[in-house]
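Can you keep this structure in mind? I'll have questions shortly.
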Amino acid sequence: ADSGGLEGDTVNTILDSQLAAKEESGVVILPAMFVNQAAIRGALEFATVFKAICAGFLTGTEPAICQKCSTCRDEHKCVVEGRCASADGAVSTSTFASTIFSLCLFFGCVGLIQWKRAQTQMRDQVKGILAEYMPLDEDKIDSTAIVDDDDDIDGQFT
């Protein structure tokens, strides 16, 4: 195979063979890639190729790296490093849930304490008002009682 060189009007056999192979394989847009005889055309990013390769396996037969890295934000970094980089610095679901539960419990306890305190203060204020305006001494009970006079036979009060 000869590229034809820079001098003279010679045929570039390498270019001709590649163009013929392109026509035979059905590549219309470059770049193109084939995974399991399915063409992937356009901008070939790692995530696209990785997902295409992993999708070629039957359910349950895909490699562990496909299961591990398919949900990562950066599949390339996950494949290279062997771990999902998007989990770095992230909070796990159990930690998040326990933190929310702890905060709810804390504020619930603070609210209960405040409610009990307000109830106690209100009870003390009502007792103070009752003690001030309605003395309940034994000697004053007779003065607040209603006396029924039997003199009013006709039902009128005087």
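Of Gly128, Gly111, Ile65, which is farthest along the charge dipole of the range 18-131 in the positive direction, counting Lys and Arg as +1 and Asp and Glu as -1 at C-beta?
Selected residue: Gly128.
On to the next question. Counting only the heavy atoms of the protein chains, how much of Asp124 is accessible to a 1.4 Å probe, in Å² to the nearest 10?
90 Å²
Largest first, what is the accessible-area ranking of Leu58, Leu130 with a 1.4 Å probe?
So the residues, ranked largest to smallest area, are Leu58, Leu130.
What is the local net charge at Pro31, summed over the other residues whose Cβ is closer than 13 Å to its Cβ (Lys, Arg +1; Asp, Glu -1)?
Charge balance in the 13 Å sphere: +1.
Roughly how much of Val79 is accessible, in Å² to the nearest 10, using a 1.4 Å probe?
Approximately 50 Å² for this residue.
The values are calculated or read from the model by the stated rules, or taken from the named source; none is laboratory data. Keep in mind that what you see is a predicted model, and the values were worked out from it rather than measured. Counting neighbours? That spans all protein chains shown, and the Cβs are built from the backbone with ideal geometry, glycine included. These area figures cover heavy atoms from the full protein model, side chains too; ligands, DNA and RNA do not enter into them. Shrake-Rupley method; radii C 1.70, N 1.55, O 1.52, S 1.80 Å.
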